[in-house]
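Comments concern the structure below.
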Amino acid sequence: MKVAIIGAGAMGGAIARGLISSAPRFITSPGDLCAANPSPRRLAPLAEAGASTTCSNIEAVRDASLVILCVKPWLVKDVITEIKDHIDYSYAEIAVVAACVTISDLNEWLHKESAGSRSPSFCIVMPNTAVSLCKSMTFQVNGNGTCPLTLKAFGQLGEVMVIEERLLPAATSIASCGIAYALRYIRAAMEGSVELGIRAPLAQEMIVQTLIGAASLLQEPGTHPETEIDKVTTPGGLTIRGLNAMEHSGFTSAVINGLKASTPR
Ligand SMILES: NC(=O)c1ccc[n+]([C@@H]2O[C@H](COP(=O)([O-])OP(=O)(O)OC[C@H]3O[C@@H](n4cnc5c(N)ncnc54)[C@H](OP(=O)(O)O)[C@@H]3O)[C@@H](O)[C@H]2O)c1
């Protein structure tokens, strides 16, 4: 099976590296992956890792069973127009990694006379930057068919949730923008730690492990943040004083406002 990645920038490059490192679980060997990009500098590290590379999008998609499009949103239509006649709609699946494109847009752009009324299997995929460590929270919105190859490919790169298109803007805010929000909490906690006399690198180590612990507690079945918070808040104790001080400064409201601000209506 051949996988084509069109656009080997930040996201396309990370997806390619993740699929290569997970071989033979999805692709059998790195050479099953072909990455296309206009500038060869983006391709050099992937070629070094054993992928096949090209500056021609058409060459990359030929015979591909899965085409993953990773170009900027405003280029998606032009790239689809360029490649669609070279994709075999009878078996190929197309996954579009781009913000602000809709299933209806893709349905229209992917239509081609030579395929008659046949539509290809296609979907929108929204990973986050943790895809580079195979720890992405990825959302998949199916346009036509269930897109099992996409599900399996991105399943190698973290968790995948298949959701309805109407939920995608909020999901993107929670998980893609959410990476920045979580990091901003870490930075804030580091600044507080420095004021308390702990050097920044040591504080970072402490805070990251604390967050890994908190997230792991919530991965246990039947858990809820408030139940875990209750376990560390002794009446009259220090933790509840800290939590209430944060709430008086608007912690929960700030998070809710941030999520709403980054969700286009
Ligand atoms: N970064 C994220 O956190 C994130 C998260 C979720 C989704 N996304 C989506 O991922 C997509 C790609 O974003 P990115 O951050 O990876 O951008 P990027 O780093 O700029 O990568 C885009 C790549 O596309 C290449 N390209 C430009 N024109 C092309 C063409 N005609 N054919 C093939 N490749 C072409 C660029 O090559 P040159 O550099 O040579 O021009 C570049 O390597 C976007 O649609 C974005 O919405 C990104």
Please report the projected area of the stretch 43-106's Cα convex hull averaged over all directions, in nm². 4.8 nm²
Mind listing the lone cysteines of the chain, meaning no other Cys beta-carbon sits under 4.7 Å from theirs? C34, C55, C70, C100, C134, C177
Of the candidates T210, S65, P235, the farthest towards the positive dipole end of the chain (Lys/Arg Cβ +1, Asp/Glu Cβ -1, centred on the Cα centre) is T210
R187 to Q219: extension gain in nm, 0.36 nm per residue of separation minus the Cα-Cα distance? 9.1 nm
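Based on the alpha-carbon set only, what is the convex hull volume of the stretch 171-261 divided per residue, in Å³?
It is 120 Å³ per residue.
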Roughly how compact is the stretch 73-112, stated as its Cα Rg over 2.2 N^0.38 Å to two decimals? 1.10
State the three equivalent ellipsoid semi-axes of the stretch 111-265, derived from the C-alpha gyration tensor as the square roots of 5 times its eigenvalues, in descending order and whole Å. 39, 17, 16
What does the extension gain come out to for Y91 and K231, with contour length at 0.36 nm per residue minus their alpha carbon separation? 45.1 nm
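Given a cut-off of under 8 Å on Cα pairs at least six residues apart, what relative contact order in percent is computed for the stretch 17-144?
It comes to 18 percent, rounded to a whole number.
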Candidate lysines - alpha carbon under 30 Å from K112, same-chain residues fewer than 8 apart omitted: K2, K72, K77, K84, K152
Just need the relative contact order of the chain here, percent rounded to a whole number, with Cα pairs under 8 Å and 6+ apart. 13 percent
Helical contribution to [θ] at 222 nm, DSSP H n ≥ 4, -39,500 (n - 2.57), averaged over the chain, rounded to 500: -13000 deg cm²/dmol
Report the relative contact order of the stretch 171-261, percent, no decimals, based on alpha-carbon pairs under 8 angstrom and at least 6 residues apart. 21 percent
Expressed in nm to one decimal, what extension gain is obtained for the pair T129 and T263 from 0.36 nm per residue of sequence separation less their Cα-Cα distance? 46.4 nm
Shape metrics for the stretch 152-195, restricted to C-alpha atoms - Rg then Dmax, Å: 15.0, 46
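Can you tell me what the convex hull of the Cα atoms of the chain projects to on average, as an area in nm²?
16.8 nm²
Coordinate-derived values only; no laboratory data. What you see is a predicted model; the values in this text were computed from it and never measured. Every residue, glycine as well, gets a Cβ built from its backbone with ideal geometry; the counts of neighbours run over all protein chains shown.
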